[in-house]
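Please treat every number below as a calculation from the coordinates, not as lab data. The model shown is predicted, which means the values in this text are computed figures rather than measured ones. Note that we place each Cβ from the backbone using ideal geometry, even for glycine, and neighbour counts take in every protein chain shown.
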Amino acid sequence: MNQPDATANRTIDIAWDESGTPIATRFDDPYYSRMDGRMETQHVFLGLNDLPRRWATKAEFTIAELGFGTGLNFLETLATWRTTEKANTARLTYVSFERFPMTSDDLARAISRWPELRDDCAHLLAHWPPPDGFSEINFGDDAALHLTIGDANMMVPAWQGMADAWFLDGFSPAKNPEMWGEALMHAVCDHTEAGGTFATFTAAGWVRRNLQVAGFDVSKAPGYGHKRECLLGRKAEPFT
C-alpha cells in the first residue's frame with residue numbers, strides 16, 4: 001500500500017530523573033511509572049484488557065497501541081504471551097504507532113533495569129531505528145511487531161488492520177492533547193473488532209467523552225500507583 005507522508009521532526013530529547021526513569025523533555029512527561037513500569041503495564045494494559053485470558057479465545061490476536069515509547073508495553077506483553085498456555089497455532093500481532101522514536105541508546109537504557117527483557121530488547125534493537133511508515137519485526141514464529149512511525153492522526157486511519165485490544169499510552173492528555181482528540185478516538189474505534197477493548201492510564205473527562213462519542217462503552221477502574229483512576233472500555237457487538 002502507499003504509505004502516507006506523516007513524517008515529522010523525529011528528534012526526541014530524553015532526560016533521566018533520579019530514579020533512572022526516562023522523561024520526554026518535549027512533553028515533560030515520564031515514559032512509564034517511576035514506581036514500576038512493568039507492574040503498570042500488567043495492571044493497566046494487560047489486566048484491564050483481560051489479557052491473557054482472552055488469548056485462549058482466538059487463534060490470532062491483534063493488539064494496537066498509541067505510543068511505542070520505550071517498547072516496555074510490547075516487551076512485557078511478549079514475555080507474558082510466551083508464558084501463557086494457548087493453542088500451538090496461536091499468533092500475536094502487536095501494532096504500535098509512534099511519532100518520535102527514541103534513539104537506540106536511550107531505549108536500551110530505559111529497558112536495562114529489567115534483565116528479564118534483555119534478549120527480546122536486543123532483538124528489537126537489532127532492527128532499530130525503524131523507518132518512517134510501516135515496518136515489521138518478527139519475534140519467532142508466533143509473534144510479530146508492526147511499527148508505524150508517523151503522526152497517529154494520519155497513520156491510524158490509513159492502517160488496514162483491526163485490533164482486538166488497544167493500549168492507549170500517549171503522553172498525558174494535558175501535555176499531548178493531539179494523541180487523544182475526538183477524530184483519533186473515532187479512528188481507534190473504527191479499527192476495533194466488535195467486542196474489542198481498550199485500556200489507558202488516564203481518566204481525563206474529555207478523553208472519556210471522546211471515547212464514548214467514538215463508540216466505546218467506557219468505565220473507570222482503579223489506577224496504578226499514585227493514579228486514583230484509569231479508563232477501560234469495550235466496543236459493542238452488533239445486535240443479532
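Only Cα pairs under 8 Å and 6+ residues apart enter the sum, and on that basis the relative contact order of the range 36-235 stands at 22 percent. In this structure, the amide hydrogen of residue 229, modeled 1.01 Å from its nitrogen in the peptide plane, lies closer than 5 angstrom to those of 223, counting only residues at least 5 positions away or on a different chain.
Sorted largest first, the principal axis extents computed over the alpha-carbon atoms of the range 36-235 equal 40, 36, 36 Å. Report the local net charge at residue 62: Lys and Arg +1, Asp and Glu -1, summed over other residues whose C-beta lies under 14 Å from its C-beta. For residues surrounding residue 62, the net value is -2. Here's how it looks for residue 91: its modeled amide H is under 5 Å from those of 60, 61, which are all 5 or more places away or on a different chain.
Here the spin labels are modelled as points 7 Å beyond Cα on the Cα-Cβ line, and at residue 13 and residue 114 they lie 2.8 nm apart. When DSSP beta bridges are limited to those with both residues in the chain, what percentage is antiparallel, rounded to the nearest 5? Beta bridges within the chain, antiparallel portion: roughly 50 percent. Highest average first, the peptides 222-230, 209-217 ordered by how many other beta carbon atoms sit within 10 Å of their residues are 209-217, 222-230. The modelled label-to-label distance for the pair residue 36/residue 88, using points 7 Å beyond Cα in the direction of Cβ, is 3.6 nm.
Dividing the summed helix terms, -39500 (n - 2.57) for each DSSP H run of n ≥ 4, by the number of residues in the chain produces a 222 nm estimate of -6500 deg cm²/dmol to the nearest 500.
Using the Cβ-Cβ distance between residue 28 and residue 50 with R0 = 35 Å, the FRET efficiency computed as 1/(1 + (r/R0)^6) comes to roughly 0.60. Number of Lys-Lys pairs in the chain with C-alpha atoms under 27 Å apart and a separation of 8 or more places or on different chains: 9.
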